[in-house]
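Bear in mind these aren't lab numbers, they're just calculated from the coordinates by the rules spelled out. Predicted model only: the values in this text are computed from it and were never measured. So basically every Cβ, Gly included, is an ideal-geometry build from the backbone, and we count neighbours across all protein chains shown.
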Amino acid sequence: MSALRFLDQAPRFLFFTGKGGVGKTSVACATAIQLADAGRQVLLVSTDPASNVGQVFGITIGNQITAIPAVPRLAALEIDPQAAAQAYRDRIVGPVRGLLPEAVVKGIEEQLSGACTTEIAAFDEFTALLTDPALTSGYDHIVFDTAPTGHTIRLLQLPGAWTGFLEEGKGDASCLGPLAGLEKQRDQYKAAVACLADAARTRLILVARAQHSALREVARTHEELAAIGFQNQYLLINALLPASAIGNDSLALAIHTREQAALQGIPEVLRALPRDEVLLKAFNLVGLEALRQLLVDAPASVPMAVAPVMAFTQPSLSGLVAEIALGGHGLIMLMGKGGVGKTTIAAAVAVNLAQRGLPVHLTTSDPAAHLGETLDGALAHLTVSRIDPHAETERYRQQILATKGAKLDAQGRAMLEEDLRSPCTEEIAVFQAFSRIIRAAGKQFVVMDTAPTGHTLLLLDATGAYHREVARQMDGSVPFSTPMMQLQDPQQTKVLIVTLAETTPVLEAANLQNDLRRAGIEPWAWVINNSIAATTVASPLLRQRAMNEVREIDAVAHQHAHRYAVVPLLSEEPVGVDRLLALAGRH
């Protein structure tokens, strides 16, 4: 076994969690292989919507336990959250179809169409793996790629008596629909949550990169899960650039220096956690040989004959900004997984529009955003704001209690207050504030750095519900406009999806694009951030990484995006107006 601390006396259940692109799937796979090689019986389970575990091992896995032929004692299972969500919807809606009015059935289906249902359905699938010995008695370890979010666990801790409350039309928060009909499984869920909180049985490994923003994100995840009992946590810093790879490469030196500074400034709440560091490898982490090298202390050797990436011209961010500027005003929404650099790209778009003399309002609903630090200065024609989720949530709660709550009896009001403590209440409250801001996009540019993808989709679910309610009430007799109509109108709104030139982030961005299309929103462009292939590097390790990126950039250009831009990885962090202006590059 390796000297990594998170593998020391490993308990039965190991959960790996982290934002898209930090390498949690690779680390989970490498851990499972190492445990199996040490003579343990291991089951590797993925609950990631963009799971590529099968691709990593070069076989088809799917939603059934499948032996990995090349690794004795290792089997794997990929839980498909979308399939689980559909089965979950069928189980709830099927018994009432034909018994209830069609309008009521459609209302139930709508409640079950959002991100909450997908999260709960996936949890429903793997709960049995935590609580049913008959399914897993043959395994010494069960390794999960992607832990349940704090959001999911808080939902499952809410009281179970929601079905009648919702059917009577008293419920308000849209996320409670997915909880209807769960009463029979409450005991099983309670046992699963207890297992997650048991340090003797469960260990959570927080996977992150050595970046200030990524470490702030993982600190928030740590606190959120610790607050609900998930205490046995370890920190793994993945893909650290080794000092041996620097050579005379100025970019490599800058990256190494930046990473070490991020580790020196690690958030206080993470300092007490046991910590491991895994070095960046030059190769793609596909196949057994690569995975067996991932957790080895020494960096893998890189052939000195690695050719430099051929110089190639890619569209720049300034080209997108120039096209956006032609409209004179509108809403620009930056979307994507946490850790891909949405805040930086949003700030760069905003300052480049303002530099052209156009009025711009830059705002964020992301609780982890640090726009002030990124801008680090003022610019004519640019105003900045931040939607405070806590303040907006309290305002929304008081509004609902004063209106809907006033019509309820004591029991109904108590349930409504519990409803308003659910995680989705914050999303709905933020959406209301968001709606107020985007009205200003008719006269100026509003650039919005959104919260991470799952939160954003919940906002859009709330938007859609509001739109349908207004449309029903207006009955087509009076012209009206809703925020959803503005989001769906490409003349008024441009959605930019931000990603990295790596396999998992591109897959997750493609899934986000599909979800947006389901809501009738067509993304306008993709932005590939922090690209090594768009730079000139001498380090053999970075050259190889750049060559690996070219395939992902090609996939974005030819399979996913109508238009796109590539933003190079910079030697200096793009902080401050001047660097943000330079970030867009020349058109």
Once label points are set 7 Å from the Cα along Cα→Cβ at both ARG220 and ARG551, what is their separation, rounded to one decimal in nm? 3.3
List the residues whose amide H sits under 5 Å from the amide H of PHE144, counting only those 5 or more places along or on another chain, with H placed 1.01 Å from N in the peptide plane. LEU14, PHE15, PHE16, VAL45
For LYS281, go through the aspartates and glutamates and keep the ones whose alpha-carbon is under 18 Å away, minus same-chain ones fewer than eight residues off. ASP249, GLU259, GLU289, ASP297, GLU502, GLU549, GLU552
Scoring only Lys, Arg, Asp and Glu (+1, +1, -1, -1) among other residues with Cβ under 15 Å from the Cβ of SER571 yields -3
Calculated from backbone phi, Karplus (6.51, -1.76, 1.60) coupling profile of region 209-219 in Hz, x at Gly/Pro: 9, 7, 9, 4, 5, 5, 6, 5, 4, 5, 5
For the pair LEU99 and HIS390, how long in nm is the line joining their label points, each one 7 Å along Cα→Cβ? 4.5
The extension gain from THR535 to LEU401, computed as 0.36 nm times the residue separation minus the Cα-Cα distance, is 42.7 nm
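Hey, got the dipole for region 496-567? About the Cα centre, +1 on K and R Cβ, -1 on D and E Cβ, debye to the nearest 20?
On the way: 6 positive and 7 negative charges, 20 e Å.
Result for region 496-567 is approximately 100 debye, rounded to the nearest 20.
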Centroid-to-centroid separation of region 534-574 and region 322-362 [C-alpha atoms, Å]: 21
For LEU112, list long-range residues whose amide hydrogen, built 1.01 Å from N in the peptide plane, is under 5 Å from its own amide hydrogen. none
Let me check I've understood the local charge: for ALA84, count other residues with C-beta under 9 angstrom from its C-beta, Lys and Arg +1, Asp and Glu -1. What total comes out? -3
Charge tally in the Cβ shell below 15 Å around PHE445, where Lys, Arg are +1 and Asp, Glu are -1, PHE445 excluded: +2
Order 327-337, 287-297 from most to least packed using the mean count of other Cβ atoms within 10 Å. 327-337, 287-297
Output row, site LEU263, 7 Å Cα→C-beta label point, backbone N cut-off 15 Å, window region 192-226, residues 208-212, 215
Residues meeting the amide H criterion for LEU240 (H placed from the backbone, H to H distance under 5 Å, 5 or more places apart or on another chain) are VAL278, LEU279, LEU280
Quick check on packing: order 196-207, 58-69 by the mean number of other C-beta atoms within 10 Å, highest mean leading. 196-207, 58-69
By how many nm would the segment from ARG439 to ALA582 grow when fully extended, if each residue of separation counts as 0.36 nm and the alpha-carbon distance is taken off? 48.5 nm
Looks like region 221-298, by Cα gyration tensor root eigenvalues a ≥ b ≥ c and the a/c under 1.5 rounded cutoff (else prolate when a/b is bigger than b/c, oblate otherwise), is oblate
Using a Cα-Cα cut-off of under 23 Å, which lysines could be cross-linked to LYS342, ignoring same-chain neighbours fewer than 8 residues away? LYS19, LYS24, LYS494
Among the GluC sites (Glu not before Pro) within region 483-574, which fall in a DSSP loop and have no more than 11 other Cβ atoms within 10 Å of their own Cβ? GLU572
